[in-house]
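Where a number appears in this text, it was derived from the coordinates with a stated rule and is not lab data. Note that the structure is a prediction, hence the values are computed from the model and not measured. Reconstructed Cβ throughout: ideal geometry from the backbone, glycine too, with neighbour counts over all protein chains shown.
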Amino acid sequence: MTTNPRIPFELASDRKVLPPPQGKHVIVHVVVNVENWRFDHGMPRKLITPPHGIDSVPDVPNFAWAEYGMRCGMPRLFRALGERGLPATCALNAGVIETYPRLAAAIREMGWEFMGHGLHQKAMHTEEREADTIRRALDLIANFSGTRVRGWLGPGLRETNDTPDILKAERIDYCCDWVLDDLPTWMRTKHGPLIAMPYTLETNDSVMHAIQHYASVELETRVADTLAAFARERDLGPRILTLGLHPHLVAVPHRIGYLEAALDMLKARDDTIFMTGAQIADWYQSAEPPRS
């Protein structure tokens with residue numbers, strides 16, 4: 001009997017030791033979340049609470065907080081990753097393509113992998129027709145990029161009981177909502193196995209800065225501490241270190257330097273490899289094919 005209907009429980013120390021890709025034991029997955037916060041809706045997260053607890057639409061200060069990231073944060077992320085020649089996976093609200101066409105084109109020019117992230121920054125369990133929303137989001141990105149996306153990250157990592165089944169039916173290869181391991185694992189769906197891809201709530205700027213309110217240096221500190229722990233666990237095989245990034249959080253002036261320092265720390269090591277979600281999925285499927 002298990003409380004998890006999708007992924008059987010397994011101790012990390014009991015898992016098969018997987019061959020590290022290109023001999024590198026730390027797989028770094030940079031995920032940049034680019035989201036469409038709609039001006040005529042309530043904001044999905046608030047930096048400033050409203051006076052007297054009474055919400056308003058438009059919510060100008062909180063909308064502007066997020067849009068600063070789109071205007072000023074994204075160019076900083078393009079530079080930080082581009083100057084270092086590092087790949088990234090872009091978790092894209094598909095509505096960005098229509099609302100911010102210049103930004104969407106710039107992401108495409110960077111050559112980042114696109115990953116589905118809903119239409120707007122709205123949790124999937126609040127969508128009246130979830131399957132239609134997922135299909136529309138995937139179609140919009142495919143038509144824009146010329147490539148069908150292979151991965152999915154739910155807005156807020158939220159799902160319904162049907163989400164993995166819908167994703168597999170739409171030919172998605174991996175889903176990042178289940179943050180329960182340092183390696184990919186196989187998830188059950190009605191339509192066959194789906195890869196549960198490690199994401200992160202720990203080296204994630206949204207959690208660190210918008211929820212836990214840590215100092216700007218926290219990301220660099222956590223990356224260093226994570227690397228130290230992974231080094232002690234090297235006998236267990238490779239591990240994935242995901243950086244969950246949002247332009248309005250990590251790419252503000254007082255934080256971007258710490259992200260750059262963390263990237264330089266990772267890039268300088270001889271045991272790290274930067275991979276996109278699809279590259280990790282291909283490596284994992286080859287190293288540990290699903291059981292029939």
Quiz item: Amide H to amide H under 5 Å from MET115: which residues, 5+ apart in sequence or cross-chain, H placed 1.01 Å off N in plane?
Solution: CYS90, ALA91, LEU92
Quiz item: Highest mean first, what order results for 105-111, 150-156 on Cβ atoms within 10 Å?
Solution: 150-156, 105-111
Quiz prompt | 12 Å beta-carbon shell around TYR174, net charge (K/R +1, D/E -1) | solution = -1
Quiz prompt | Average Cα contact separation per residue, segment 19-287, under 8 Å, 6 or more apart, as relative contact order % | solution = 28
Practice problem: For THR49 and LYS16, calculate 0.36 nm times their separation in residues minus their Cα-Cα distance, and state this gained length in nm to one decimal. | Solution: 7.1 nm
Practice problem: Please give the peptides 53-61, 124-132, 166-174 ranked by average Cβ packing (other Cβ atoms within 10 Å per residue), highest first, as a rough proxy for protection. | Solution: 166-174, 124-132, 53-61
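If you average 1/r across every pair of different Cα atoms in segment 197-239 and take the reciprocal, what Kirkwood value do you get, in Å? Kindly include the intermediate steps, with their values, before the conclusion.
On the way: mean 1/r = 0.0872 Å⁻¹.
Evaluated on segment 197-239, it is 11.5 Å.
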Quiz prompt | Too-long pairs where the Cα-Cα distance tops 19 Å, listed order kept, from LYS16/LYS267; LYS122/LYS190; LYS46/LYS122 | solution = LYS16/LYS267; LYS122/LYS190
Practice problem: Quick one: go through segment 4-38 and flag any residue whose amide nitrogen is under 13 Å from the point 7 Å out along the Cα-to-Cβ line of LEU180. | Solution: 4-12
Quiz item: With θ set to phi - 60° and the Karplus curve 6.51 cos²θ - 1.76 cosθ + 1.60, what are the ³J(HN,Hα) couplings of segment 10-18 in order, to the nearest whole Hz, using x for Gly and Pro?
Solution: 7, 5, 4, 6, 9, 6, 4, 6, 8
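Could you estimate the translational diffusion coefficient of the chain from the Stokes-Einstein equation, with Rh from the Kirkwood formula over C-alpha pairs, at 4 °C and 1.567 mPa s, in whole µm²/s? Walk me through the numbers on the way to the answer.
Details: Rh = 19.6 Å.
Reported coefficient: 66 µm²/s.
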Self-check item: segment 94-187, relative contact order in percent, only Cα pairs under 8 angstrom and at least six apart counted
Solution: 28
Quiz item: So what are the ³J(HN,Hα) numbers for segment 142-159, from phi and the Karplus equation (6.51, -1.76, 1.60; θ = phi - 60°), rounded to whole Hz, Gly and Pro as x?
Solution: 4, 5, 6, 8, x, 9, 6, 5, 10, x, 9, 10, x, x, x, 6, 8, 9
Quiz item: Quick one: Debye curve from the C-alpha atoms of segment 149-287, no solvent, what's log10 I(q)/I(0) at q = 0.14, 0.17, 0.20, 0.21 Å⁻¹?
Solution: -0.72, -1.01, -1.25, -1.31
